[in-house]
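Structure first, then comments.
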Amino acid sequence: MSHDPASFPTLEGFDPFSQEFLSNPVPIIKDAQAKQPIFYYPPLRLWVVTKYDDICKAARDWETFSSKATAFVPPPADLKPKIPDNYIADHFISLDPPEHTADRTAVARQFLPRELQKQEANIRQIANMLIDRFIAKGSCDFMQEFCYPLSLNVIMGLLGVPKEREHDYRIWTEDLFSVLTPKTKDAVTKPMTEEEKRERWTRLAESQEFFENFVADRVRCPMDDLTSQIVKVKDASGNQAMPTPRIVRKIHELVAAGNDTTANLMGLMLIHMAENPAQDAEIRANPALLPNVVEETLRLRGTSPGLFRVTTKDTELGGTKIPEGALVWLLFIGGGVDESHFPQSEKWDIHRPNSDKHLAFGHGRHSCLGNPLARLEAKVAFEELLKRIPDIRVTPGQHVEYLPVMTVTTINHLQAEWTPPKSP
């Protein structure tokens, strides 16, 4: 097998950091699926996998496609002492069995659908509290005034983290996802200025200290929250099942994933409704269609473009030979637009019979634990939103900017408008 990058198949013009790809990756992915479903991207020295069956096969085969494939943009030298050496290695997405199995078991029970259904009333209450703040204005920044605050308040309540740091959690989430990058043998090539790098790592060092203190407090004095439940889980020997440093990383990860992915799902739902007027009218007339809206949005755009793997040996996937030690990007959103599974896949169709077979929450051992919560939040939030503001819509003519991140789909701002209610 050749290990010479010059011999690897590539896709001309591919750039995962371009606004063209970030805002509408579907045409680019479908072009790749037709020409070169698995290809090499030289700037980051990684392989990109775009088709459903290939993605699933790799995601299931953790012994060949290891999850130990995520790194971070290195912090400035003076900040390194404040960042643990295992900062990324202890993140859930970077673990393989047996560590991943043990840690997932310690957390999984709290994310069972029957446990999360208890959150429905809380989600409705939070949604209405937020709507009360802006309904009279007739417009809002939908992401900053509804989506992010809603999902963040839900996850804060679940974990028991102090609500007075709400603003910091949002900033830390963006910082964390911004420094994540594929693990390469050489220098990290993700675009980031020295000034941005210093600002993000300064805040992440602060977040590390905060979460260490928070978890230590829960170890000493457990409360009625998810963090305390994780702390109290014991292994077969009666010891704390998940080491405290990994609990710190897990709580930070849950705050980040819990507020970012669901918020962006809701933003994408409103965008797709605006782009499909006939279906938009159907949804407003029949909110029972909202679960379909959630699934079809996840299929077409998802909340995570994909995750990284690294090969532990020479292998072959989808007829393409990939060498040992290769970085691989499993492009989950590619699975959602694979014609062999989803005919006319570029169309957003809330009546599609198999929308829920998407890969938006991953596949295999690393399928997202919080997916029942994300689905519930988005459905319930839009039920309340359409009940209170029936004509809410995306403000026409705006340019929606997407954060240049490979592991999450991130919209910072989305303007929405409606007819304000008449004063009594």
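The values are calculated or read from the model by the stated rules, or taken from the named source; none is laboratory data. All values reported here derive from a predicted model rather than from experimental measurement. Neighbour counts run over all protein chains shown; Cβ positions are idealised from the backbone, glycine included.
Selection of the stretch 278-308 for residues being assigned to a loop (DSSP other than H, G, I, E, B) and within 28 Å of Pro404 (Cα to Cα) yields Arg301, Gly302, Thr303, Ser304, Pro305, Gly306. Criterion first (on the phi < 0 side of the Ramachandran plot, of a type outside the set (A, V, I, L, M) and outside any loop (DSSP other than H, G, I, E, B)) does Pro390 satisfy it? In short, no. The residue that is surrounded by the most Cβ atoms within 10 Å (Cβ to Cβ), counting only those in the stretch 332-369 that are of a type in the set (D, E, K, R) and over 26 Å from Phe65 (Cα atoms), is Arg352.
The residue that is farthest from Gly370 (Cα to Cα), among those in the stretch 117-151 that are touching a strand residue (DSSP E or B) at 6+ places or on another chain (Cβ under 7 Å) and touching a residue at least 60 places away in the same chain (Cβ under 8 Å), is Gly138.
Filter the stretch 1-31 for residues that are of a type in the set (A, V, I, L, M) and under 26 Å from Lys68 (Cα atoms); which is surrounded by the most Cβ atoms within 10 Å (Cβ to Cβ)? Full working, then the answer.
So in the stretch 1-31, the residues of a type in the set (A, V, I, L, M) come out as 1, 6, 11, 22, 26, 28-29.
Next, from what is left, pick out any that are under 26 Å from Lys68 (Cα atoms): 1, 6, 11, 22, 29.
Values: Met1: 10, Ala6: 8, Leu11: 19, Leu22: 21, Ile29: 27.
So the residue we want is Ile29.
Put simply, of His272, His252 the only residue that is touching a residue at least 12 places away in the same chain (Cβ under 8 Å) and in contact with an Asp or Glu (Cβ under 9 Å, 6 or more places away or on another chain) is His272. For the stretch 396-407, the count of residues that are under 18 Å from Met266 (Cα atoms) and over 25 Å from the mean Cα position of the chain (by Cα) is nonzero.
Given the stretch 148-244, what helices (runs of 4 or more DSSP H) lie entirely inside it while holding 1 or more residues that are at pLDDT below 95 and more than 30 Å from Leu414 (Cβ to Cβ)? Walk me through it before giving the result.
Details: elements: 148-159, 166-179, 194-220, 226-232.
Hits in the stretch 148-244: 194-220, 226-232.
So which residues in the stretch 229-243 are surrounded by 13 or more Cβ atoms within 10 Å (Cβ to Cβ) and touching a residue at least 24 places away in the same chain (Cβ under 8 Å), if there are any at all?
At the first step, the residues of the stretch 229-243 found to be surrounded by 13 or more Cβ atoms within 10 Å (Cβ to Cβ) are 229-233, 240-243.
Hits for the stretch 229-243 are Gln229, Ile230, Val233, Ala241, Met242.
Within the stretch 32-62, the set of residues being within 14 Å of Gly336 (Cα to Cα) and either without any contact (Cβ under 8 Å) to a residue 40 or more places away in the chain or of a type in the set (Phe, Trp, Tyr) (or both) comprises Tyr52 only.
Kindly indicate whether any position in the stretch 363-386 is in a loop (DSSP other than H, G, I, E, B), at pLDDT below 95, touching a Ser or Thr at 6+ places or on another chain (Cβ under 9 Å) and farther than 30 Å from Ala136 by Cα. Spell out the reasoning first.
Of the stretch 363-386, the ones in a loop (DSSP other than H, G, I, E, B) are 363, 367-370.
Narrowing further to those that are at pLDDT below 95: 363, 367-370.
In the following step, the residues that additionally are touching a Ser or Thr at 6+ places or on another chain (Cβ under 9 Å) were identified as 368, 370.
Among the residues that remain, those that are also farther than 30 Å from Ala136 by Cα are: 368, 370.
The answer is yes, given that some residue of the stretch 363-386 is in a loop (DSSP other than H, G, I, E, B), at pLDDT below 95, touching a Ser or Thr at 6+ places or on another chain (Cβ under 9 Å) and farther than 30 Å from Ala136 by Cα.
Residues in the stretch 213-227 that are surrounded by fewer than 17 Cβ atoms within 10 Å (Cβ to Cβ) and under 18 Å from Arg249 (Cβ atoms): Asn213, Ala216, Asp217, Val219. Here Ala32 meets each of (1) assigned to a strand (DSSP E or B); (2) touching a Ser or Thr at 6+ places or on another chain (Cβ under 6 Å) with one exception, condition (1). Of all residues in the stretch 318-359, those that are out of contact with any Phe, Trp or Tyr (no Cβ under 6 Å at 6 or more places or on another chain) and in a loop (DSSP other than H, G, I, E, B) total 23.
Give me a count of the residues in the stretch 117-155 that are crowded, with 18+ Cβ neighbours inside 10 Å, farther than 20 Å from Thr395 by Cα and over 19 Å from the mean Cα position of the chain (by Cα). Selection size over the stretch 117-155: 4.
Could you identify the single residue in Pro372, Pro323 that is in contact (Cβ under 8 Å) with a residue 12 or more places away in the chain, more than 22 Å from the chain's Cα centre (by Cα) and surrounded by fewer than 20 Cβ atoms within 10 Å (Cβ to Cβ)? Quick ask: steps written out before the conclusion?
Working: Pro372 fails: more than 22 Å from the chain's Cα centre (by Cα).
When all the criteria are applied, what remains is Pro323.
How many of the residues making up the stretch 277-305 are aliphatic (A, V, I, L, M), touching a helix residue (DSSP H, G or I) at 6+ places or on another chain (Cβ under 9 Å) and more than 14 Å from Asp356 (Cα to Cα)? Total meeting the criteria: 1.
Within the stretch 33-90, if we keep just the residues that are crowded, with 19+ Cβ neighbours inside 10 Å and among the polar types (S, T, N, Q), the residue that is modelled with the lowest pLDDT turns out to be Thr70.
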